[in-house]
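Everything below concerns the one structure shown next.
The values are calculated or read from the model by the stated rules, or taken from the named source; none is laboratory data. None of these values were measured; they are calculated from a predicted model. Positions of Cβ are generated from backbone atoms using ideal geometry, with glycine treated the same way; all protein chains shown enter the neighbour counts.
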Amino acid sequence: MKLSRRAQDGLVLALGLLPLAGSIVAAAAGWLGANPVEELTHQTGEAALRLLLLSLCVTPARRIFGWHGLARHRRTLGLFAFFYASLHLGIYVFLDLSLDFTAVAEDLLERPYIAAGFTAFVSMLPLALTSTRAAIRRLGSRWRLLHRLVYPAAVAAVVHRLWLAKADLREPLLYAAILAVLLGVRGAWHLSGGRGGSIGGT
Ligand code: HEM
């Protein structure tokens with residue numbers, strides 16, 4: 001079955017907006033539990049990580065299954081990942097730490113998982129800022145180079161998730177395994193002379 005461009009766009013948009021809609025409904029219905037800030041941090045963090053990994057699936061899916069129309073959804077998925085990462089960081093800084101920047105700095109220095117999350121966010125920032133067609137044109141071949149930052153961003157995000165896991169490691173290990181496969185596939189293509197891919201592309 002082949003989906004029309006419009007149906008594909010709708011599906012990707014729904015995929016990107018679903019976590020936000022879920023959080024809004026849960027907040028309105030009082031379903032966020034005893035610690036709503038913690039729950040929202042959880043929901044936005046998971047959404048950011050899943051969408052980031054999904055954006056990295058686009059190039060392998062294109063190449064393996066010949067779904068070339070998927071390429072233009074990479075940017076949307078990457079931007080949604082950045083949107084949730086920004087909400088996640090905003091909730092932590094505004095709601096959790098009440099804009100206490102000394103506490104933010106202390107957390108950054110004392111909690112390695114926060115440093116890993118920060119690394120992921122800082123790596124995603126230039127990708128989001130240069131995702132416009134104008135930036136792609138202006139940067140030329142440097143754009144592709146810059147967008148390789150998606151790999152350290154994804155590794156740091158998975159490390160962040162692994163580091164903060166307490167007892168149950170199944171989910172973070174699943175993310176790590178998915179990322180390992182995605183990076184492995186790209187590594188194999190690279191060694192065989194093919195091209196990898198990045199998020200935010202045309
Ligand atoms: C400066 C940037 C970041 C900060 C300060 C930060 C902070 C946090 C905090 C405080 C938690 C909750 C820890 C706990 O439950 O004890 C968390 C969880 C999480 N974060 Fe981040 N984070 C950052 C960036 C990111 C990014 C970029 C991603 C993904 C792309 C991400 C994904 C996650 C995930 C998946 C969780 C686990 C949610 C859960 O199961 O509870 N974070 N983060």
- prompt: What single numbered condition from (1) within 11 Å of the ligand (Cβ to nearest atom); (2) more than 11 Å from the chain's Cα centre (by Cα) fails to hold for residue 133?
  reply: (1)
message: Restricting to region 164-192, count the residues that are among the β-branched types (Val, Ile, Thr) and under 16 Å from residue 148 (Cα atoms).
response: 1
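Matching residues to (1) within 25 Å of residue 159 (Cα to Cα); (2) surrounded by fewer than 16 Cβ atoms within 10 Å (Cβ to Cβ); (3) within 14 Å of the ligand (Cβ to nearest atom); (4) modelled with pLDDT of 95 or more:
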| position | (1), (2), (3), (4) |
| --- | --- |
| 14 | no, yes, no, yes |
| 21 | no, yes, no, yes |
| 30 | no, yes, no, yes |
| 33 | no, yes, yes, yes |
| 38 | yes, yes, yes, yes |
| 45 | yes, no, yes, yes |
| 50 | yes, no, yes, yes |
| 55 | yes, no, yes, yes |
| 80 | yes, no, yes, yes |
task: All but one of (1) in contact with a Gly (Cβ under 8 Å, 6 or more places away or on another chain); (2) hydrophobic (A, V, I, L, M, F, W, C); (3) touching a residue at least 60 places away in the same chain (Cβ under 8 Å) hold for residue 156, so report the exception by its number.
output: (3)
- prompt: Assuming residue 191 fulfils every condition listed in (1) under 15 Å from residue 45 (Cα atoms); (2) out of contact with any Gly (no Cβ under 9 Å at 6 or more places or on another chain) apart from one, which condition is it?
  reply: (1)
query: Which condition number in (1) in contact with a Cys (Cβ under 9 Å, 6 or more places away or on another chain); (2) over 23 Å from residue 50 (Cα atoms) is the one that residue 77 fails?
result: (2)
